[in-house]
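Structure, as structure tokens:
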Amino acid sequence: MRRVCDQLIPYIANELKESEHMAFAEHLKNCTECKKEYQELSQAWHALPFDYTEIEVPESLKGEVLGFVFEHKRKSGTETFMAKMSKLAMRLKSQFTPVSTSIVAVLLLAFIGLGIANVQVKNRHVENIPIEILTAIPLKAANQSHPGTNGIAYIVQQGSEKNLVVQVHELPGVEGSQVYQVWLLKNSTRENGGIFKPDENGSGILTYQLAEGQTFDQIGITVEPDANSRQPRGEKIAGS
């Protein structure tokens, strides 16, 4: 027996019997998922011209549409809107006339295009938000074994997001699994601020996203035997 929710597209296309149409209309009042998809699909449906000629949808077109959707789903690993569209597309062959198949294929292409456009607009919006340096914190060598070690840490803000950017120079080289680890100190409590490895010139950089309201008093940088330290195990090389 077909799930009631599967009748969404036939309902929009007015292909249901009168009794089925009325039953689905009642279902739509109480189903949040159907209600959301109905709003999205019906807007696109009513925007389409209907002066078309009934033709069979080329297999290549359906293959391209479904291929894109399934690839998106494989990469995301989550139940996204595109994944829902792929489920709708899989029902086309058994449920709808060639006319409906053609229209829904167009809808799929339209939603894919809108999704890509929305992501691009969002990315452009983020790029247009200026990055503001809130604080600059000098970093210096922690002992005389490596007196030339120096650097600076910035707290920067872009929109509502704050990041700590740490740049250090003239660091001693590391071997094997060794890494440099940044520690943020607050009231004598250390929190892991990330790990990095320097380049061949002894320069290293790290970016760490600060949680909302997160603050610290000092920065310490140690050389650790591996990336698994929850508390410092190695020598302190630099700090604020």
Legend entry - Selection from the stretch 150-197 of residues that are surrounded by fewer than 17 Cβ atoms within 10 Å (Cβ to Cβ), in contact (Cβ under 8 Å) with a residue 60 or more places away in the chain and under 17 Å from residue 137 (Cα atoms): 150
Inset, instruction - Scan the stretch 217-233 residue by residue and report those that are in a loop (DSSP other than H, G, I, E, B) and open to solvent by 30 Å² or more (accessible area, probe 1.4 Å). - result: 217, 225, 226, 227, 228, 230, 231, 232, 233
Inset, instruction - Kindly provide the set of residues from the stretch 14-24 that are more than 11 Å from residue 4 (Cβ to Cβ) and either part of a helix (DSSP H, G or I) or touching a residue at least 60 places away in the same chain (Cβ under 8 Å) (or both), ordered by number. - result: 15, 18, 19, 21, 22
Inset, instruction - Any residue in the stretch 126-146 that's open to solvent by less than 80 Å² (accessible area, probe 1.4 Å): show its pairings with residues that are in a loop (DSSP other than H, G, I, E, B) and not hydrophobic (A, V, I, L, M, F, W, C) at Cβ separation under 6 Å, as long as the two are six or more apart or on different chains. - result: 129/159; 137/240; 139/240; 141/147; 141/149; 146/172
Inset, instruction - Say whether the condition of being open to solvent by 70 Å² or more (accessible area, probe 1.4 Å), at pLDDT 90 or above and touching a Gly at 6+ places or on another chain (Cβ under 6 Å) is met by at least one residue in the stretch 198-216. - result: no
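The values are calculated or read from the model by the stated rules, or taken from the named source; none is laboratory data. Remember, predicted model here, so these are calculated numbers, not experimental data. Counting neighbours? That spans all protein chains shown, and the Cβs are built from the backbone with ideal geometry, glycine included. Each accessible area value is taken on the protein alone, full model and side chains, heavy atoms only, with ligands, DNA and RNA left out. Shrake-Rupley method; radii C 1.70, N 1.55, O 1.52, S 1.80 Å.
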